[in-house]
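Written out below as structure tokens is the structure these notes cover.
The values are calculated or read from the model by the stated rules, or taken from the named source; none is laboratory data. The model shown is predicted, which means the values in this text are computed figures rather than measured ones. Note that we place each Cβ from the backbone using ideal geometry, even for glycine, and neighbour counts take in every protein chain shown. What goes into the accessible areas is simple: the full protein's heavy atoms, side chains included, and nothing from ligands, DNA or RNA. Shrake-Rupley method; radii C 1.70, N 1.55, O 1.52, S 1.80 Å.
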Amino acid sequence: MLLRSAALLFTVPLRSSPGSSRIAALGSDHLQACRSRFRGDGRAAFGLTNHLVAFGVSFGVLHRSSQLRWRLSSRRSSSTTVATHVTRPTHTQIWTVDSFADAAFGGNPAAVCIADGLDDESMRLIAREMNLSETAFVCRDLDGSASSWGLRWFTPTVEVALCGHGTLAAAHALWEAGFCPKTEAISFTTRQSGILTISREESGMIEMNFPADAPVGSAGSQSLVGTTVVRGLGILEDDVMWSGKNETGDIFVEISAELFGQLNPPDLGILAETDARGIVPFCASSSALGALLGLRGRALRGVDFVSRFFGPRIGISEDPVTGSAHCGLGPLWASRLGRGDGEAVVGYQASERGGRVSVVVDGKRALLRGSAVTVLEGKLRLPAVSI
């Protein structure tokens, strides 16, 4: 839709003048640049502003049924009509959603922001301002369909390749706000994780189709963990029962349920030295573990494994519930427990907020299921920028 709108702008007839053909050619060049950038960035409409600014196009973003209306601000000079003023959106819609939660103030909170007209720096600053483990930025895809969107995720410090709870929050927000019919699946185009299809059941349960990313490792700690992770977690090398790493860059460390239930707060400074997106200690679930963790009796009912996630290297001290980590944990435990395609394994992430994630392994895909609750919605004011 954006490129079509831009194409219309670039084909607006100019009054005959010595510079009109030059302006038209410049517009064509920037339109092609926009197309190239969108395709290279997963076709999402991020960064379009820079190209339009270079051409001198003024744009206004009006959110109504998530449609964009573009206009050309111009003034008449002595020889031709040229665009001279550019203004960024003054506000955008934003939500806070608790993912992998059945009620407010549980699971993992993520911010969701409509990113139409926002550049990379604006998204980074908004994520820092929200100061949640992830802020998801969504922008209508090029075909203008209500069910096709671009998606990016930022921690308070960096952009990440994949985020489960941010994706869950984004889909939930778009459905609840009426941007997409609840009966339709949403297709998110991402930069590094391909196309993610998210569907919603009548019960409100949401299923996310993610790439499976099982860790590769071996028994013990020598092959992958090393002394840095062990010291950071405050355990001994002999405590490590199994360790592995996946393509996402997470290191998985299996320990006994008894030790898991007694883990002290980690040394985040040491863990930040590790060449990993996150550190994931985990163990098999048991009734005794629930008591060690101080959980209510039913918290671990039907749960196969329990984990935590520490990501100081990417600006996350401890993530409450990490969907993307379950793209590794799910396939690992499905293989161990002999669960075939269509059979779910269930994980519980034992952070202070806590949350359950159901995973079905379907070939090279991991189907993650969870629910979400909106706890905040409003408009985010943006600093006015004029050129």
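Before moving on, here are some points about what is shown:
- Residue check, L367 open to solvent by less than 50 Å² (accessible area, probe 1.4 Å) and at pLDDT below 95: no
- Subset of region 104-129 (residues that are assigned to a loop (DSSP other than H, G, I, E, B), open to solvent by 30 Å² or more (accessible area, probe 1.4 Å) and modelled with pLDDT of 95 or more): A104, F105
- Scan of region 310-334 for residues that are of a type in the set (V, I, T) and closer than 19 Å to F100 by Cα, ordered by number: I316, V321, T322
- Any hit, region 220-237, residues being over 29 Å from E176 (Cβ atoms), free of Cβ contacts under 8 Å to residues at least 12 places away in the same chain, of a type outside the set (S, T, N, Q) and open to solvent by 60 Å² or more (accessible area, probe 1.4 Å): yes
- Residue within region 268-286 that is under 17 Å from A212 (Cα atoms) and open to solvent by 50 Å² or more (accessible area, probe 1.4 Å) present: no
- Residue-level check: of (1) assigned to a helix (DSSP H, G or I); (2) free of Cβ contacts under 8 Å to residues at least 40 places away in the same chain, L132 misses just (1).
- Residue check for N246: modelled with pLDDT of 95 or more and surrounded by 22 or more Cβ atoms within 10 Å (Cβ to Cβ): yes
- Within region 135-190, tally of residues that are assigned to a helix (DSSP H, G or I), surrounded by 22 or more Cβ atoms within 10 Å (Cβ to Cβ) and in contact with a Ser or Thr (Cβ under 6 Å, 6 or more places away or on another chain): 4
- Residue match in region 197-215 (condition: acidic (D, E), in contact (Cβ under 8 Å) with a residue 40 or more places away in the chain, open to solvent by less than 40 Å² (accessible area, probe 1.4 Å) and closer than 23 Å to G311 by Cβ): yes
- Hits in region 233-257 - residues which are in contact with a helix residue (DSSP H, G or I) (Cβ under 7 Å, 6 or more places away or on another chain), more than 22 Å from H326 (Cβ to Cβ) and of a type outside the set (A, V, I, L, M): E237, D239
- Elements of type helices (runs of 4 or more DSSP H) contained in region 254-336, each with 3 or more residues being within 17 Å of S243 (Cα to Cα): 257-260
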